[in-house]
1. Put +1 on the Cβ of each Lys and Arg and -1 on the Cβ of each Asp and Glu in the protein assembly as shown; which of A:Trp497, A:Cys136, A:Ala209 then has its Cα farthest toward the positive end of the dipole?
2. ³J(HN,Hα) across the stretch A:428-435 via Karplus (A = 6.51, B = -1.76, C = 1.60, θ = phi - 60°), whole Hz, x for Gly/Pro?
3. Restricting to chain A, compute how many DSSP beta bridges are antiparallel as a %, nearest 5.
4. Under the classification rounded if a/c is under 1.5, otherwise prolate if a/b is larger than b/c and oblate if not, where does chain A fall, given a ≥ b ≥ c as square roots of the Cα gyration tensor eigenvalues?
5. With a sphere of radius 15 Å drawn around the Cβ of B:Pro440, what net charge do the other residues whose Cβ falls strictly inside it have (Lys, Arg +1; Asp, Glu -1)?
6. At what distance in nm do the modelled label points of B:Gln512 and B:Ala666 sit from each other, each positioned 7 Å from its Cα along Cα→Cβ?
7. Suppose the chain between B:Leu85 and B:Arg52 were pulled fully straight at 0.36 nm per residue; how much longer would it get relative to their current alpha carbon spacing?
8. Would you mind giving the mean number of other chain beta-carbons within 10 Å of the Cβ of each residue in A:244-253, as a whole number?
There are 2 protein chains.
Amino acid sequence: MIEFPDLSRLVRPESVALIGASDTPGSIGKLTVDNLVEASEFRGRVHLVNPRRREIGGRVCHPDVAALPEAPDVAVVCIPAAGVLDALRQCAAKGVRFAIVLTSGFSETGEAGRALQEEMRGIARTSGMRIYGPNCPGLTNLADRIGMTFSPAFADDRTSGPLGIATQGGGLGRNILQSGVRGSGAALWASLGNAVDLDVADFVHHMAADPAIRVIVTLFEGIRDGARLLAALRAAAEAGKPVVTLKVGHSAYGERAVQSHTAAMAGSAAVNSAVLAQLGVVEVRDTDELVDVAWLLARATPPARTRVALFGASGGALSLAADLVGSADLEPAELADDTRASLRADLPAFAAVDNPVDTTATTISEPGLFDRALRTVAGDPGVDLVLMPIPLDYAERSATSSRAIAAAQEQTDVPIVPVWMSDRRGPGWQVLADASFCSPRSLTKAVLAVRRWAEYGRWRAAAEAHPPAVPLLLRADEPGTVAALPAVDTEPRAKAWLSAAGVPVPDGEVVQSAPAARAAAERLGCPVVVKIVSSELPHKSDVGGVAVDVGSGAAAEDAWRQVTEHVALKAPHAATGGVLVERMVPADGVEMIVGVHRDPVFGHLLTVGAGGVLVELLDDVQRRLLPVGRPQAEEMVAALRCHALLTGARGRPACDVDGFVDLLVAVSDLVVAHAHQIEEIDLNPVRVRPADGDEARVVVLDALVTVASDGPRDC
Amino acid sequence: MIEFPDLSRLVRPESVALIGASDTPGSIGKLTVDNLVEASEFRGRVHLVNPRRREIGGRVCHPDVAALPEAPDVAVVCIPAAGVLDALRQCAAKGVRFAIVLTSGFSETGEAGRALQEEMRGIARTSGMRIYGPNCPGLTNLADRIGMTFSPAFADDRTSGPLGIATQGGGLGRNILQSGVRGSGAALWASLGNAVDLDVADFVHHMAADPAIRVIVTLFEGIRDGARLLAALRAAAEAGKPVVTLKVGHSAYGERAVQSHTAAMAGSAAVNSAVLAQLGVVEVRDTDELVDVAWLLARATPPARTRVALFGASGGALSLAADLVGSADLEPAELADDTRASLRADLPAFAAVDNPVDTTATTISEPGLFDRALRTVAGDPGVDLVLMPIPLDYAERSATSSRAIAAAQEQTDVPIVPVWMSDRRGPGWQVLADASFCSPRSLTKAVLAVRRWAEYGRWRAAAEAHPPAVPLLLRADEPGTVAALPAVDTEPRAKAWLSAAGVPVPDGEVVQSAPAARAAAERLGCPVVVKIVSSELPHKSDVGGVAVDVGSGAAAEDAWRQVTEHVALKAPHAATGGVLVERMVPADGVEMIVGVHRDPVFGHLLTVGAGGVLVELLDDVQRRLLPVGRPQAEEMVAALRCHALLTGARGRPACDVDGFVDLLVAVSDLVVAHAHQIEEIDLNPVRVRPADGDEARVVVLDALVTVASDGPRDC
């Protein structure tokens, strides 16, 4: 069971000590004092610590932490790196609950800094005092207006609202905060820097329970502890709070930059994205996208199905918007007859009263009419969201339109999304910002936000219908019987194990001589496949260890000789265990790949994809954390691009998709039963054949299982 | 030969008449007078026409056009629709060169309006007076500051610069103009409304020769005359001026919206995009993207290869930028040893001196150091562009950084692209706008602009190496021998024609009896394919008209009977011409599709793509206007995703790509020789087999040719 700390006294302390308080203009110490004392509305007790001052700004200054009149909830440390560890030890001794270390000069600076940071971690571990930072701008509580930060920008970032922001770096986090000028607002920003102890996951968990927060925004470069993150994200999901994430590391250049910047591994972007998507986390690629979708989620919870109406006064902008909405696979709303009749009665004769609704430019100067039409559209029961492209700043006239939009929004729960497309921020822009619309910066970005909002709605509905299982990684500590794993080190042994669990494999026998191969071929029925058996040769074909389409018993005898001779020649030192003779499976249907691997961060994942030539051409794989039940397995298969091949498009026969889903669930069950031992399973290929009555039409043609005790494989 | 009008007296008139001039506040007539007389710097002669006024604002008012003291270069018409045609006839009689019709109420309003507009077109055709509009905001010459427009926004849009903008609609066009506030500038904006006579193509052609314009920006919904557009785009390319385009119609919803808005067909987005790309036109999906890339192209001409350096003071923003640059397939610059040494000497110890160059936040307060490092990076000979993410507004400190950036840009031709990522526009944003950086609105958009800039550089280099051929559509009027086209109405005839032109087809014979089929199979060698011959059955398999893998002469005799019986049963009225017996081609290599069709807008295009199951899974086609020469054909094949299959990835044999390119060129040559007759060619499939010495390894397995006289086919 993963434990999370209670951070409420860190976020809303009753007493704060500033260690390194100063009155030197421009110093970190002075900036921090000013933020907490001047720019905050902090009603608790503030204690200043500085051995070289008696008082600062009329407040008494204590020489050290020991001299403080109480053990404060939080100590903010902004002294030079050399003195930090000593100060932290004093804090721990005093009984301080939380230390926020602003100071730089730790793991980000090299070997010596890393050693200091390890010592810092030790102080947290042994004392129980939790440490935030180091190398960070501090903690910004906007809901209660408490700034435990040196940032001179704190005084300006005043818009409070329902976002909770947890980041590693500072620059991008403040970028999110500065979206307040277009109408967003945050309750809390935790910028954790090197995160020696408290991490993004701790704040996600805190925010899941914080009533001031409706949407959680995270921004990180590396994931150190997958289990904690999973547990925190599940807490957010259980609290019904969407999590929006920007994670770097989707390209080699990006991964290199992250390593040079934080010495953290970005991890596999494909795995991260799959895991995040599975948990309903909305992943974005830029900070403006993060704000757009987080704010839209904060404004309204998306339904299971999102039907979009377009509304505006510029036909060109509406056409462009329709094009982008269509290209994003969003569903255009079908307006009701009543709605169209009402619009027809209200709007000028040349207005378009279908979706898109084009009120025409003449209505810009008739706000009452514009307003009424907008309410009519938003009130249509078939409309889930109204997107309004505003292509240009028309000065006061735009402000009037913006006021009409704000008034219409007050009458409906259907989100109205005005998109201020112009670079000129006239009074109309300001009206929208003041009304907290947080208008996206461009139409493409707006459509992207709506798409992500709609996808979250779909995820939420699916998660309600089929509540997601607890990931295997989080079950690691649960008691339970672990089934004994038989030897699975060779293909026939792996297949026997799979077969016993109900996973279909070809009929076959292991033989030790050419005549035995002939007899086996004759018993099994030709054609057969003949393969070398060896736990040391995972890639049998590369050493000539496979003969396919062997048409007779005599040919099987030849194949036995050929295969054993090739392997003896090309891999003379490999231990072999005879030859596997298998009934050959016809090459019809679709070749698939099924795999399980233990990701170093998130634990076991199941991967399903198209096999054969499609592997290179389509990046057509679906990944899920284990366990995978039937609904999830069905969803994985349906999400593949090659799904059309499996279901029999363009006159091809439909394949045994049900049987394939059974196989995925069986593999998941097997791994769950043997999670401590299984490192990797490769079923490649799996042939999914045209469905034909009751016969098993899914066959695992090759299987490779790696168990933990095997050690690293050389392939 | 396509003729374009000389628009110089329209853009820079010496005399302008305003028909419908008014002094009624808020009227279109008054707004137009005010724009030309007050807000413009027009030094020519202005004549006002209004029968109900003697004078307006101290200027004499003429009762009608006939009464004018001269024939003005331009007449701006802003009277109600009912009087427009009469006024235009008067203008034509007077000898006016150009009429700009602002008035609405024509084709956009329905049947009656369309009829009026047709009459208007007739006036232009018969008189030679060229008409601009109707239903448009007018013409805005920013370079010379002449506003022939009613738009009240004209007075505000003052930033002049090297962009030339030609649009149909008004709203999106002015959106582009309003990007002036972030530092762009335009010389001319033509907003053509219904474009009854003068069209976007006329202005593209004008802008290609206008020395005030360096980059042409177009924005349109439908393409009416492909030949004129192609000719205009070629003129722009010859003048070395990039063209950037936003075209709607990429989705069904978008196409519907365009039709309802303009009654124009959007045309096939896939064809449009392919044609535009072939001509080097940079296609974008949003107006902000249009501004971003157009301005970058105006700032600097991209080289054949673009190596990007990232530079900034925020490690997090640089990591994100690197991730996006890498994901966009842009090439990161490799900094020279000298550069790194110099940065190491100048920057703080913890700065990153590799690409990305992270000067660290401490340098924000040391502008001299920041400036020097930036110059060092921009001066590296291996750097073609410097991208600078600026995540947050740091008030005056950001302004200082922005000034350093502007100063560094003055020292180098390598474009420096600062990206102001924050929503807060502090003084640093204004410094960048004033220095004409036109900073993109977000990092993703900036990376997109750089990618498009780099792609244009590659196109330009390729076009210099292999100058593009004149499209077949533009050669339509050229004299030349048109080769006689033999009958190609059946598969064997089409194949015979192709074969004579050097396109390889299987050996085969047409036979009229079962015994003849046996004899043919024995002569050709088995296995063979047996197919019905009929010009009325383009889809032979659907009526049982094909037997494959026929293994012997006797089987061929059976196949003859089976095929003819099936067809007699399923298509009893189809005229048949015997049965084709062909040597069967082994199913190795890769199945491709080659097609030619005559697009209604752009003429003949060649399409190449992956065949078989890949058709559904990959949208893997390349399209080019004919003619296609060897370099273009090679480029088409190399651009396919299935190229990896053809060249033999993952241990598969390399296929005969050269032979396939030969086939494409031969097909292009055939169509060029018979352009007036050929409507469509379908070679599906074409088997491209593993290369093997000199033998022909590319074979057209099925061929269907449609000629103009065939009339519409029922399939």
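Derivation of every value follows stated rules applied to the coordinates shown; laboratory data play no part. Remember, it's a predicted structure, so these values are computed and weren't measured experimentally. Using ideal geometry, Cβ is built from the backbone for each residue, glycine included, and neighbour counts are taken over all protein chains shown.
1. Checked the options; the winner is A:Cys136.
2. x, 5, 5, 4, 5, 5, 5, 8
3. Given both bridge residues lie in chain A, the antiparallel proportion sits at roughly 50 percent.
4. Verdict is oblate for chain A.
5. Once positives and negatives cancel, what remains is +2.
6. 3.0 nm
7. 10.0 nm
8. Details: counts 0, 0, 3, 2, 8, 5, 4, 10, 5, 16.
That works out to 5 on average.
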